[in-house]
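Novice: Please read through the structure below; I'll follow up with questions.
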Amino acid sequence: MPAKQDSDHGRPTFWQVLCFRSGTEVDQANNKQFTLWCIAWALAIVGATSLITFLEDLPKSLAWLIALAPNALALLALLSYLRLLRMTDELQRKIHIEGLAMGFGAGWMFALGYMALESVGAPQMSLTGMIMVLTAGWMVGTFMAVRRYL
């Protein structure tokens, strides 16, 4: 069953679009599960980084293990996203794919463009900055697709 929509215009409310609250209840549950895995992954990265920084005298092998541990949550987030894509209908899949395409395209254009700027003196781009561009492109692309199709 599709998400409840604003009856005046037949379009989702602003909050539904903002939260990507479209699709069936199963789609929404899968999206929520994906989001929770991503939050857990982000918290694990912050926790692992803080732990390694705080405990400076950790054996190198233990520090490596702690640094790699959040990747297990990353894998679970990826698998939950694949589950969402596989279980959703064609329209929702199209929305998600357009969001991914926008994120990848924005990241690709920004990375190549910034390389040229670095050659003329711009500060070196951090990996964190690049990830932020990819994520913002994905979010904007998904938002635009939701607005276009719903």
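Every number in this text was worked out from the coordinates using simple rules, so none of it is lab data. All values reported here derive from a predicted model rather than from experimental measurement. We place every Cβ from the backbone using ideal geometry, glycine too, and count neighbours over all the protein chains shown.
Novice: Could you tell me the ratio Rg/Rh of the chain? Both radii from Cα atoms, Rh via Kirkwood.
Specialist: Working: Rg = 19.0 Å, Rh = 17.7 Å.
Expressed as Rg/Rh, it is 1.07.
Novice: According to a simple spin-label model (label point 7 Å from Cα along Cα-to-Cβ), what is the distance in nm between Leu91 and Met125?
Specialist: 3.5 nm
Novice: Let me ask something else. State the three equivalent ellipsoid semi-axes of the stretch 24-88, derived from the C-alpha gyration tensor as the square roots of 5 times its eigenvalues, in descending order and whole Å. Numbers along the way, then the final one.
Specialist: Values: eigenvalues 202, 22, 4 Å².
Its equivalent ellipsoid spans semi-axes of 32, 11, 4 Å.
Novice: Let me ask you something else. Tell me whether the stretch 65-140 comes out rounded, prolate or oblate; compute the Cα gyration tensor, take square roots of the eigenvalues as a ≥ b ≥ c, and use a/c under 1.5 as the rounded threshold.
Specialist: oblate
Novice: Output the peptides 46-52, 100-106 sorted from most to least packed, where packing is the average of other Cβ atoms within 10 Å over each peptide's residues.
Specialist: Details: 46-52: 13.4, 100-106: 16.9.
Per-residue mean Cβ counts within 10 Å order the peptides as 100-106, 46-52.
Novice: Evaluate the relative contact order of the chain (contact order divided by residue number), counting alpha-carbon pairs under 8 angstrom at least 6 apart; express in whole percent.
Specialist: Here the relative contact order equals 26 percent.
Novice: Still on this structure: Which helices of the chain meet both criteria: a Cα extent of 27 Å or more along the helical axis and a mean Kyte-Doolittle score no lower than -1.0, with helices taken as whole DSSP H segments?
Specialist: Working: long enough: 25-54 (43 Å, 0.68); 90-119 (43 Å, 0.40); 127-149 (33 Å, 1.05).
Taking the DSSP H segments of the chain (at least 27 Å long, mean hydropathy at least -1.0), we get 25-54, 90-119, 127-149.
Novice: Still on this structure: For every helix of n ≥ 4 consecutive DSSP H residues, a contribution of -39,500 (n - 2.57) applies; sum these over the chain, divide by its total residues, and give [θ] at 222 nm rounded to the nearest 500 deg cm²/dmol.
Specialist: For the chain, the value works out to -26000 deg cm²/dmol.
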